[in-house]
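Here's the structure we're looking at; comments come further down.
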Amino acid sequence: MRPHLTSEQISEFILGYPRPPVARHVEQCPACRTELARFREALGEFGGAVRAWSDDRAHAVLLAAAPVAPRRAWNPAHQLAWALVLAAICVIASFVLPWHRGESSGLSDAALLNQVDAQVSRTVPASMEPLMKLVVEQQ
């Protein structure tokens with residue numbers, strides 16, 4: 001009778017590269033078949049545990065990195081409605097803004113001229129004040 005499989009032979013068999021004498025021994029030896037079945041089951045459980053841990057870890061990292069609420073998809077009808085609202089606002093603004101700018105510029109020009117006139121009339125030297133009174137009275 002042949003001795004049971006070594007750990008190297010079991011590893012080769014699990015990886016799918018058994019030598020022909022090892023494959024024949026596994027077919028004939030119930031103890032080695034049982035050992036291979038236990039080893040496969042342990043590897044399967046280990047793989048499942050690693051996947052579960054990895055999924056949990058990835059989920060935790062994603063939650064920590066992006067605490068924002070998920071975005072809702074835009075409905076095409078909503079997109080069209082918002083586009084029309086923005087277009088209406090732009091049209092209204094194009095009519096309203098130039099009128100206000102024209103009115104305010106005329107008022108600001110007159111206010112500026114009045115301010116300059118007042119400043120010039122106040123900055124006359126004391127010796128020229130009597131002449132300024134004559135000029136103001138004539139207007």
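Regarding Ile89, is this residue in a helix (DSSP H, G or I) and modelled with pLDDT under 85? Against the criterion (in a helix (DSSP H, G or I) and modelled with pLDDT under 85), Ile89 does not qualify. Return yes or no: is Arg40 modelled with pLDDT of 85 or more, surrounded by 12 or more Cβ atoms within 10 Å (Cβ to Cβ), in a helix (DSSP H, G or I) and within 49 Å of the chain's Cα centre (by Cα)? Yes: the conditions hold for Arg40. Residues in segment 15-30 that are among the hydrophobic types (A, V, I, L, M, F, W, C) and surrounded by 10 or more Cβ atoms within 10 Å (Cβ to Cβ): Val22, Ala23, Val26, Cys29.
The values are calculated or read from the model by the stated rules, or taken from the named source; none is laboratory data. Nothing here was measured: the structure is a model prediction, and the numbers come from that model. We place every Cβ from the backbone using ideal geometry, glycine too, and count neighbours over all the protein chains shown.
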